[in-house]
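I have placed the structure first, in the form of structure tokens, so that the comments after it can refer back to it.
The values are calculated or read from the model by the stated rules, or taken from the named source; none is laboratory data. None of these values were measured; they are calculated from a predicted model. Every residue, glycine as well, gets a Cβ built from its backbone with ideal geometry; the counts of neighbours run over all protein chains shown.
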Amino acid sequence: MKAAVFYGPRDIRTEEVEIPKIQDNEILIKVKACGICGSDLHLYKLNMFSPVLLRPLKKGGIPGHEFSGDVEKVGSKVSGLKEGDRVVAFANGGMAEYVPVPFIPPALEQASNIIPIPSEVSYEEAATLEPLSNSYHAMMKGNPSKGDNVVIFGAGAIGLGIIQCLKALEIDINKLIVIDLSDHRLNAAKEFGADEVINASKNNPLLKIMKLVESVPLPLMPTLNLPKVDVIYDCVGYMKQHKGPIVLQQAINMATPITGRIIIHGIFEDNISLDLIPFIGKQITIMGSFGFNPDEVKKSLELLQTKKVDQSKIISHEFPLDKAKEAFETQCNTDESIKVLIKP
Ligand SMILES: [Zn+2]
């Protein structure tokens, strides 16, 4: 079968490899669509996270954990699945014609790692269930509530997913502000319902936000007024190639005192240094967010099925497996792409 094999930074090759043989507790999936994740880019550029992002081969490994397809073969110890079922599976190696997936039986009324796709959801949309579930999880962690001002740094698949989840759940927030460096992505944010967008390469986000939201006094120093930014989602983290101010520092500087909360989903490509005095002085909360729980997957899938979330709008490019390298380069170019899919 054909597969995209990762060997090292910027070295991904489409090659002929053996079709995987499955164990009794595994299924084989014929892949229909596989997304390139932000984490796959950290792998592609810097060889980060290779043990957790690849299905290892004797040499190199196959990335791809955001995929959908048809069940091709079912191991003898697997129950509840049959050949031809349309599924999403949470495993690695999706950038190939076939991928073996261990079957983890569902706990009571909870989804397993293999999820049947409802007929209303296309393979392409289903391939975005994993990032959407990540967005849902991050969104919930911030506990956005009626009247809150919400800022999202990063209008990639995760940030746009958070916007869509906020809208779909009809959380009555006051202002939703999205910050990115790409006008193309900011336009998408607007389309999904952001109230304001800020291109951080042209404007200072903090100064702009002070004009957009009301201000509140700093406790103990009531002469100092700060913007009322209740929830901030950092869907950027730190990328070595970006020379501007660190997003987490900007988030700390703009969060509202006491109740302000920052949720970090973006990955950091290096250690960073921060001024934490405003973090302490304002007594704000910073939380990490990673992955999702089975209930959030179920809810995210319902949002796709009921069309309350339209992930087809974030899919900007589709490439065949033969063009895996081009697909990764396109995903790296944020001025052009949002979510790139590889379709074996
Ligand atoms: Zn992912």
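Among the residues of segment 306-315, is there at least one that is assigned to a helix (DSSP H, G or I), touching a His at 6+ places or on another chain (Cβ under 6 Å) and farther than 18 Å from LYS32 by Cα?
No; the residues of segment 306-315 include none that is assigned to a helix (DSSP H, G or I), touching a His at 6+ places or on another chain (Cβ under 6 Å) and farther than 18 Å from LYS32 by Cα.
For ILE258, work out the one condition from (1) under 20 Å from VAL150 (Cβ atoms); (2) surrounded by 15 or more Cβ atoms within 10 Å (Cβ to Cβ) it doesn't fulfil.
Just one mismatch for ILE258, condition (2).
Can you say whether GLY60 is more than 26 Å from the chain's Cα centre (by Cα), away from the ligand (no atom under 16 Å from the Cβ) and over 18 Å from LYS339 (Cα atoms), as far as the supplied structure shows?
no
Please find, within segment 32-50, the residue that is nearest to LYS82 (Cα to Cα) out of those that are in contact with a strand residue (DSSP E or B) (Cβ under 8 Å, 6 or more places away or on another chain) and away from the ligand (no atom under 15 Å from the Cβ).
LYS32
Can you confirm whether segment 71-81 contains a residue that is in contact with a Cys (Cβ under 7 Å, 6 or more places away or on another chain) and either in the same structural domain as HIS265 (by TED's automatic domain parsing) or in contact (Cβ under 8 Å) with a residue 24 or more places away in the chain (or both)?
Within segment 71-81, none of the residues are in contact with a Cys (Cβ under 7 Å, 6 or more places away or on another chain) and either in the same structural domain as HIS265 (by TED's automatic domain parsing) or in contact (Cβ under 8 Å) with a residue 24 or more places away in the chain (or both).
Residues that are in contact with a strand residue (DSSP E or B) (Cβ under 7 Å, 6 or more places away or on another chain), buried (at least 20 other Cβ atoms within 10 Å of the Cβ) and among the aliphatic types (A, V, I, L, M): does segment 307-315 have at least one?
Yes, segment 307-315 contains at least one residue that is in contact with a strand residue (DSSP E or B) (Cβ under 7 Å, 6 or more places away or on another chain), buried (at least 20 other Cβ atoms within 10 Å of the Cβ) and among the aliphatic types (A, V, I, L, M).
Please name all residue pairs, on different chains or six or more residues apart, with Cβ atoms under 8 Å, provided the first residue is in segment 203-226 and is farther than 16 Å from VAL151 by Cα and the second residue is of a type in the set (Gly, Ala, Ser) and in a strand (DSSP E or B).
Every condition considered, the pairs that remain are ASN225/SER215.
Checking the conditions here, which among LYS243, LYS211, LYS228 is over 16 Å from GLY266 (Cβ atoms), surrounded by 16 or more Cβ atoms within 10 Å (Cβ to Cβ) and of a type in the set (Lys, Arg)?
Only one candidate passes the filter, namely LYS228.
Can you name the number of the only condition in (1) at pLDDT 95 or above; (2) farther than 20 Å from ALA127 by Cβ that GLU302 fails?
For GLU302, the exception is condition (2).
Does LEU53 satisfy the condition of being farther than 23 Å from GLN305 by Cα, under 19 Å from the mean Cα position of the chain (by Cα) and not charged (D, E, K, R)?
For LEU53, the condition - farther than 23 Å from GLN305 by Cα, under 19 Å from the mean Cα position of the chain (by Cα) and not charged (D, E, K, R) - is met.
Give the residue, chosen from GLU66, GLU83, that is in contact with a strand residue (DSSP E or B) (Cβ under 8 Å, 6 or more places away or on another chain), within 16 Å of the ligand (Cβ to nearest atom) and among the charged types (D, E, K, R).
Matching residue, one of GLU66, GLU83: GLU66.
Please indicate, with yes or no, whether at least one residue in segment 60-75 is hydroxyl-bearing (Ser, Thr, Tyr) and at pLDDT below 95.
Checked against the condition, which is being hydroxyl-bearing (Ser, Thr, Tyr) and at pLDDT below 95, segment 60-75 yields no hits at all.
Report those helices (runs of 4 or more DSSP H) wholly inside segment 189-292 carrying at least 3 residues which are β-branched (Val, Ile, Thr).
Filter on segment 189-292 gives an empty set.
Are any of the residues in segment 134-144 crowded, with 24+ Cβ neighbours inside 10 Å, within 16 Å of the ligand (Cβ to nearest atom) and either free of Cβ contacts under 8 Å to residues at least 12 places away in the same chain or among the β-branched types (Val, Ile, Thr) (or both)?
Among the residues of segment 134-144, not one is crowded, with 24+ Cβ neighbours inside 10 Å, within 16 Å of the ligand (Cβ to nearest atom) and either free of Cβ contacts under 8 Å to residues at least 12 places away in the same chain or among the β-branched types (Val, Ile, Thr) (or both), which makes the answer no.
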